[in-house]
Amino acid sequence: MSERTRHIAIVGCGQLAQMMAQEGQPLGITFSFLAEEGENTSCVEGLGELVKLEEHESGEVLYQALGRPEVITAEREQVDVALLRKLQQFCPVYPDPHIFEKAQHRLREKLALTESGLPVASFVPALGADELRRSLGTLGYPVFIKSCENGYDGKNQWRVKNQAQLEDAIEEAQSQACVVEAAVDFSCEVSLVGVRSVSGEVKTYPLTENLHRQGTLLVSKAPFHDFQLMSQAQSYLDKLMRDWDYVGALTLECFVTTEGLIVNEIAPRVHNSGHWTLVGAETSQFANHLRAILDMPLGDTQCSSPTAMINMLGVNKSPSQKNEGVWLYGKSLREGRKMGHVILVDDCSRRLSRRSDAVIAELYSKSH
C-alpha cells in the first residue's frame, strides 16, 4: 500500500479517535472506525467509514468492512482483546493486544509494572468484603480501593480513611475484584507521553504537571522543569517499551515524592494530559502515534513555550478570553462529561498560570 493511500482503522469513536483522524488527514492518511454496540459515534462522523461491531462477526468480515486497513489501533484500553487478536491475523494491531490485556485490568497492570522493576504504591489484591477488610491489616489507613476493571476518572475508586468509609466502599464495590493501594505522600502528579515506532525510534514529550477535579483531569501544564525527574521518567518509559516491544504512544502517570517518581498507572494510547501538544509541540501526540504505527519518521516533541490545556468538563461554551485554540468534541452535554478543551501558550509560566485560572473561573462560574 502506498503512502498516498495509507489507511488506519481505529477501535473506538470518541474524541481521541476524532483527534487522531484530524491530525492524520494532513499526512494523507484515511480512517475507518469500529463502534461497539450502542456506542455514540458523533465525534467521528464525517472523518471516515463507520463500522458497527455485530455479534459473532468474523475477523475477516470486519477487516474487509474496515477497508482492509494497513494497521489497526485503539483509542482506549477497554477493548475486546479477543477481537483485536482476530483482527491481528489480517494486519498489525498496535499497540499489541497483550498490552491492552495488561492495561485494562488494574492488578495485571500493577504486576506488569513491578515485573519491569518500576516502583508503584504498595498494593494488595482483594475480592469481596473479607479480603477488603484484611487488606487494611496489611496496609493500614488511608488507602485507595480501586476496581480492577472499568475504573477511570474517579469512577469505581474509593478513598478510605476509616472503618466507616471502608464499609461504605465495600457496599458500593459489591463483589468486584479490586486492588487496595496504600496512599502515597506526593507533592504533585506528572505524566510522560512517549512514542516508539515499529523500527524502534523513540521520542518523548516533556513531563507534564496534572491537576484534577473530583478525580478527573482539569489542567495539564508543560513543561514540568525537573531534569532529574524527567530522566527518571524516561528511563521508566524506555524500560516498558523494551520489555513489551511497544509500538505507538504510551503514557505514564506518576506521583512526585521525596524518593522520586512512583508510577500510578499507564495508558497505551494518546492521553488527555498530552492534548497540549496540539499547539505546544511541533508534532502532536496524535500525529506521532500515527507516524509510529505506520513506521514513519517521528516528529519533533519539544515544547518551546509554556503551554496549558484546560478540560471542559460538563461545559460546552468557549471562553471569551484570549487562547490558542478551543476544541469542541461535538458530544451531547452531560454533567462532568469531557466536552472539549482549551489550550493556552505563553512565554511566561506565571502569566500562563494566571491566564489558566481566569479561563477556569470563566468556564465554571455557573456550572460549579
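The values are calculated or read from the model by the stated rules, or taken from the named source; none is laboratory data. Source: prediction; values computed, not measured. Because the Cβ atoms are built from the backbone with ideal geometry, glycine has one as well, and the counts that use them run over all protein chains shown. Remember, those area values only see protein heavy atoms, side chains included, never the ligands or the DNA or RNA. Shrake-Rupley method; radii C 1.70, N 1.55, O 1.52, S 1.80 Å.
With Rg and the Kirkwood Rh both taken from Cα atoms, where does Rg over Rh land for the chain? Can you show the working numbers first?
Working: Rg = 20.4 Å, Rh = 21.4 Å.
In the chain, Rg relative to Rh is 0.96.
Within the stretch 187-338, what is the number of lysine pairs with alpha carbons under 20 Å apart, leaving out pairs fewer than eight places apart on the same chain?
On the way: Lys203/Lys221; Lys203/Lys239; Lys221/Lys322; Lys221/Lys338; Lys317/Lys331; Lys317/Lys338.
Lysine pair count for the stretch 187-338: 6.
Can you tell me which of 282-293, 341-352, 236-247 comes out highest on packing, and rank the rest after it, using the mean Cβ neighbours within 10 Å? Numbers along the way, then the final one.
Values: 282-293: 24.4, 341-352: 17.2, 236-247: 18.8.
Ranked by mean Cβ neighbours within 10 Å, highest first: 282-293, 236-247, 341-352.
Please compute the volume of the convex hull spanned by the alpha-carbon atoms of the stretch 238-324 and report it per residue in Å³.
Working: hull volume 13.3 nm³, N = 87.
So the per-residue Cα hull volume is 152 Å³.
Taking the Cα centroid of the stretch 240-270 and of the stretch 121-185, what is the distance between the two, rounded to the nearest whole Å?
Centre-to-centre (Cα) distance: 22 Å.
Report relative contact order for the stretch 1-120 in percent, whole number only (criteria: Cα-Cα under 8 Å, sequence separation at least 6).
Details: 183 pairs, mean separation 28.7, N = 120.
In percent, rounded to a whole number, it is 24.
With a Cα-only, solvent-free Debye model of the stretch 161-209, what are the log10 I(q)/I(0) values at q = 0.15, 0.27, 0.28 Å⁻¹?
Log10 I(q)/I(0), no solvent term: -0.71, -1.03, -1.06.
Ratio to report: Rg/Rh of the stretch 102-166, with Cα atoms as the point set and Rh obtained by the Kirkwood method; give two decimals. Before the final figure, lay out the partial values.
Working: Rg = 12.2 Å, Rh = 12.6 Å.
So for the stretch 102-166, dividing Rg by the Kirkwood Rh gives 0.96.
At a 1.4 Å probe, what is the % contribution of carbon and sulfur to the accessible area of the chain?
Details: 7440 of 16210 Å².
Roughly 46 percent of what the probe reaches on the chain is carbon or sulfur.
Counting only helical runs of four or more DSSP H residues, what would the 222 nm mean residue ellipticity of the chain come to if each run contributes -39,500 (n - 2.57) and the total is spread over all its residues?
Details: 11 runs with 109 residues, N = 368.
So the calculated ellipticity at 222 nm is -8500 deg cm²/dmol.
Per residue, how much accessible surface does the chain expose to a 1.4 Å probe? Answer in Å², no decimals.
Details: 16210 Å² over 368 residues.
Normalised by residue count, the accessible surface of the chain is 44 Å².
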